[in-house]
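Student: Structure incoming, see below.
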Amino acid sequence: MKDWMVPTLGALVFWGFWGFLPKITTTYLNPRSAIVYEVLGAIVLAIAMLISLNFQPQVHPIGIGLAMTTGMLGFAGAFCFLTAVLTGPVTLVATISALYPTVSIFLAIAFLHETITLQQGIGIALAILAMILVAA
């Protein structure tokens, strides 16, 4: 098994629960309150990570800026997700929003000059078709 497969499967499982739990959460809290508690949960894990780094994370101004931007984008996406599942079915909201990698793929092709194979391109096209069919 490739070394990246285990953390990839971890992301699949964690994000699977991440996509499911907000539907239940928003029956008890509005999205603005829920996102505050989500961030507090993330802070707990960030503190644990900081401890594992002996309170000495790497420091690089560009890396810090990009990481903070990533955090803000993740926060904004999570808030949009919470707002969507408040009234929408989690089965559709999770399916459509879970196709975010198509955006990442197009950005990677455009800016990082990554390439995809014909088979991967067909898979991406089918994912987009799936989104259209699910949203219809």
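Student: Scan A98, A42, A127 and give me the residue that is touching a Leu at 6+ places or on another chain (Cβ under 8 Å) and of a type outside the set (F, W, Y).
Tutor: From the options A98, A42, A127, the qualifying one is A127.
Student: Determine if the range 95-107 includes at least one residue that is on the phi > 0 side of the Ramachandran plot and outside the structural domain of E38 (by TED's automatic domain parsing).
Tutor: Checked against the condition, which is being on the phi > 0 side of the Ramachandran plot and outside the structural domain of E38 (by TED's automatic domain parsing), the range 95-107 yields no hits at all.
Student: While we're on this one: Would you confirm whether any residue within the range 50-66 is under 30 Å from A135 (Cα atoms) and more than 17 Å from the chain's Cα centre (by Cα)?
Tutor: no
Student: Could you name every one of the helices (runs of 4 or more DSSP H) located completely within the range 1-119 that has at least 1 residues being touching a residue at least 40 places away in the same chain (Cβ under 8 Å)?
Tutor: On the way: elements: 5-25, 31-52, 61-87, 90-97, 101-111.
The helices (runs of 4 or more DSSP H) meeting that bar are 5-25, 31-52, 61-87, 90-97.
The values are calculated or read from the model by the stated rules, or taken from the named source; none is laboratory data. For clarity, every value in this text was computed on a predicted model and none was experimentally measured. Glycine gets a Cβ as well: all are built from the backbone with ideal geometry, and neighbour counts include every protein chain shown.
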